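Shown next, in structure tokens, is the structure this report addresses.
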Amino acid sequence: MRTPTYIALILMVCLATCSVSYAGTVEVSSLSGKNYTAGIDLYNTFGFVQKNDNGQPTGVWGLSILAGITYKGYFKPVEADQWNMFWRIGEIAIFIPYIGIGLDYVWGNGVYFGCGMHLGIVPALGGSPPVSPVAPLPDIHLSFLF
């Protein structure tokens, strides 16, 4: 394994073990009416919100900007005004898979900001072989639920 892969694995472990929350939470009802998500996000540009029996968001099925199919699942139901940890699996583009973890900060109005670290196969441009080995793929996104 190369050094960047080790660094990516260490970051993924760090993200998986940390969680930050703030005291001032908003009632879950502020997010329960949200059924879609869209935003500036390479991994999930547009999606459909998955909810539990109480109407709380628990995940998102969607499409990436390059027509890949994606899924983001939260480790527990999304709560407003705090950090929510997620895992992701999908395709950046058709047949280019990735898997990763991250954190989203979700405000009560449905706007959320997040970051994560993913591992995926990255196509080599103009080189041989046509696909490079697994590479770390950082992610920063700004999206909203509506």
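The values are calculated or read from the model by the stated rules, or taken from the named source; none is laboratory data. All values derive from a computational prediction rather than experimental measurement. Glycine gets a Cβ as well: all are built from the backbone with ideal geometry, and neighbour counts include every protein chain shown.
Residues in the range 55-70 that are assigned to a strand (DSSP E or B), within 17 Å of ASP139 (Cα to Cα) and not polar (S, T, N, Q): VAL60, GLY62, LEU63, LEU66, ILE69.
Selection of the range 36-54 for residues being more than 19 Å from PRO138 (Cβ to Cβ), part of a loop (DSSP other than H, G, I, E, B) and of a type in the set (S, T, N, Q) yields ASN52, ASN54. Number of residues in the range 50-72 that are of a type in the set (Gly, Ala, Ser) and within 14 Å of THR37 (Cα to Cα): the value is 3.
Could you list, in sequence order, the residues of the range 33-50 that are more than 14 Å from ASN84 (Cβ to Cβ) and surrounded by fewer than 17 Cβ atoms within 10 Å (Cβ to Cβ)? Result: GLY33, ASN35, TYR36, ALA38, ILE40, PHE46, PHE48.
Report yes if GLY102 is in contact with a Cys (Cβ under 6 Å, 6 or more places away or on another chain), part of a strand (DSSP E or B) and at pLDDT 95 or above, otherwise no. Yes. Only a single item in (1) modelled with pLDDT under 90; (2) of a type in the set (A, V, I, L, M, F, W, C); (3) in a loop (DSSP other than H, G, I, E, B) is not met by VAL78, and it is number (1).
Can we say PRO57 is within 16 Å of PHE146 (Cβ to Cβ) and in contact (Cβ under 8 Å) with a residue 12 or more places away in the chain? Criteria met by PRO57.
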